[in-house]
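A short worksheet on the structure shown next.
The values are calculated or read from the model by the stated rules, or taken from the named source; none is laboratory data. What you see is a predicted model, and the numbers here were worked out from it, not measured in a lab. Glycine gets a Cβ as well: all are built from the backbone with ideal geometry, and neighbour counts include every protein chain shown. Just so you know, the surface numbers come from the protein's heavy atoms only, side chains and all, with ligands and any DNA or RNA stripped out. Shrake-Rupley method; radii C 1.70, N 1.55, O 1.52, S 1.80 Å.
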Amino acid sequence: MRRGPRQAREDRYDELMARHEAVLALVRRRQGEHMESSARSQPLPGGRYGATTAGVRLAPDGSLDAELELRHPDGRGETVRFVAAPGEDPAEVPPWRPAPPEPAPQSSVDQTPECEAEIRRLAMTHLPVDAAAEFLGWLRPALRLRQAQEGEVVIAQLGGLPTLPLNSWPVWEGHGPLSHVLTLDLVAVDRLLPELALPDVGTLAFFYYDGRYLDDITTTVGTWDPGTRHGARVLHLRPDLSTRERVTDLLTPAPPGLDAYPAVGLTPARILTWPSFELAWVGEAWQRHGVPEAAVSALGDALSSLPWSGYDEHLVGGHPTPQQSPVEYEVEQLRCLLAGVPFEWGSTEVSAALPRWRSLLQVGSDNADMMWGDVGQLHWLLRDDAPPEEASFTWQCG
């Protein structure tokens with residue numbers, strides 16, 4: 001006799017209910033076994049143990065599953081899971097766990113071998129052998145950041161909104177909130193650029209008062225005026241402090257009246273950088289080796305034509321790329337003014353202090369609506385082993 005659609009539905013329902021009862025019986029048996037063994041094994045009567053379940057669930061594919069949460073007398077928790085697929089008997093299976101995230105790829109491009117080969121070739125072309133060897137010893141690795149394409153690793157966000165602890169958006173008193181410039185993933189930087197020796201947890205968020213907040217770009221933050229130093233900030237945001245009481249779960253909205261820059265994901269490439277030829281200790285080395293001024297100028301021109309020259313670029317670490325005089329002079333000027341120490345351009349004391357500065361971040365003008373003066377660059381530098389929150393800020397434009 002031919003079975004109709006109604007009979008087929010009833011058969012499927014009967015099979016489903018039979019599997020449901022089988023899963024439920026398995027859960028109850030496991031509950032009983034757990035309670036009995038716990039009662040026997042607890043060291044003292046009245047221990048805290050138990051076995052609870054939310055019941056049997058039906059998945060879209062027709063399978064049934066149930067989870068049993070076991071609490072042992074010693075305080076341990078355990079999850080037991082049972083599954084019954086259509087046409088199969090129920091069975092205990094390992095509890096479901098989310099798949100581990102794919103390991104983050106390494107630097108999308110490691111250009112240091114290519115950089116070193118080309119820089120070495122130019123140095124040997126324009127400099128005496130001893131001078132070339134010393135110059136090559138000055139090279140520092142850096143991460144060059146560019147806009148990420150689909151599928152590329154992202155280690156920084158240019159613009160957009162940060163995720164901040166509650167009520168902690170940086171504000172320059174008397175002027176207003178600072179604009180979010182960039183947030184950097186410290187875990188990725190530690191893996192790709194360990195030479196920078198930054199903390200290996202959390203993120204760094206960089207802020208700058210750019211005049212977009214009800215100011216029409218009339219207020220200038222500069223190292224010549226210590227009173228403007230609060231117009232730039234670096235925040236170290238640590239995930240171990242990101243409790244629900246202290247941090248928002250979503251991106252932090254910009255304060256009213258402040259328009260955020262468009263968000264741009266940045267991908268890294270490891271490169272090599274060189275110091276500004278205008279630094280006093282660099283000039284002294286040229287003189288010591290007897291390098292003609294024309295050779296120095298020719299080397300500088302050749303280096304500036306390289307694709308990783310650093311001009312109008314986003315760089316993490318390495319040597320900063322000035323558009324005017326070395327930026328190390330400017331942050332040293334601010335340090336002296338704050339400390340009440342005399343500052344004289346070109347003095348022995350100032351020249352000796354410049355090697356103590358190292359670049360933390362350089363941010364170029366960008367198509368994310370960022371324009372620092374006339375296609376300028378922002379710079380944050382660290383002195384000696386200072387933490388990133390104590391970075392000194394300056395900016396230049398061509």
**Item:** region 373-385, subset farther than 17 Å from T321 by Cβ and acidic (D, E), residue least open to solvent (accessible area, probe 1.4 Å)
**Value:** D384
**Complete:** For region 321-343 the number of residues that are touching a residue at least 40 places away in the same chain (Cβ under 8 Å), among the hydrophobic types (A, V, I, L, M, F, W, C) and farther than 16 Å from P275 by Cα is 3
**Prompt:** Going through region 366-384 one residue at a time, which ones are closer than 24 Å to R140 by Cβ and modelled with pLDDT under 90?
**Reply:** D366, W372, G376
**Request:** Considering only residues that are assigned to a loop (DSSP other than H, G, I, E, B) and in contact with a Leu (Cβ under 8 Å, 6 or more places away or on another chain), look in region 191-209 and name the one that is surrounded by the most Cβ atoms within 10 Å (Cβ to Cβ).
**Result:** Y209
**Message:** Looking at G318, G364, G346, can you tell me which residue is of a type outside the set (D, E) and without any contact (Cβ under 8 Å) to a residue 60 or more places away in the chain?
**Reply:** G364
**Prompt:** With A104, A117, A188 as the choices, which residue is at pLDDT below 95, exposed (fewer than 14 other Cβ atoms within 10 Å of the Cβ), among the hydrophobic types (A, V, I, L, M, F, W, C) and farther than 30 Å from V23 by Cα?
**Reply:** A104
**Request:** Spot the failing condition for W395; the list is (1) in contact (Cβ under 8 Å) with a residue 60 or more places away in the chain; (2) assigned to a loop (DSSP other than H, G, I, E, B), and only one is missed.
**Result:** (2)
**Message:** Within region 3-37, take every residue that is under 13 Å from G62 (Cβ atoms) and in contact with a Gly (Cβ under 8 Å, 6 or more places away or on another chain) and give me the one that is modelled with the lowest pLDDT.
**Reply:** L16
**Residues located in region 115-141, provided they are more than 15 Å from S276 (Cα to Cα), of a type in the set (G, A, S) and in contact (Cβ under 8 Å) with a residue 60 or more places away in the chain** = A131
**Prompt:** Can you pull out the strands (runs of 3 or more DSSP E) entirely within region 104-185 that have at least 3 residues that are over 25 Å from T252 (Cα atoms)?
**Reply:** 140-147
**Request:** Determine, yes or no, whether F135 is aromatic (F, W, Y), open to solvent by less than 20 Å² (accessible area, probe 1.4 Å), over 30 Å from Y49 (Cβ atoms) and at pLDDT 85 or above.
**Result:** yes
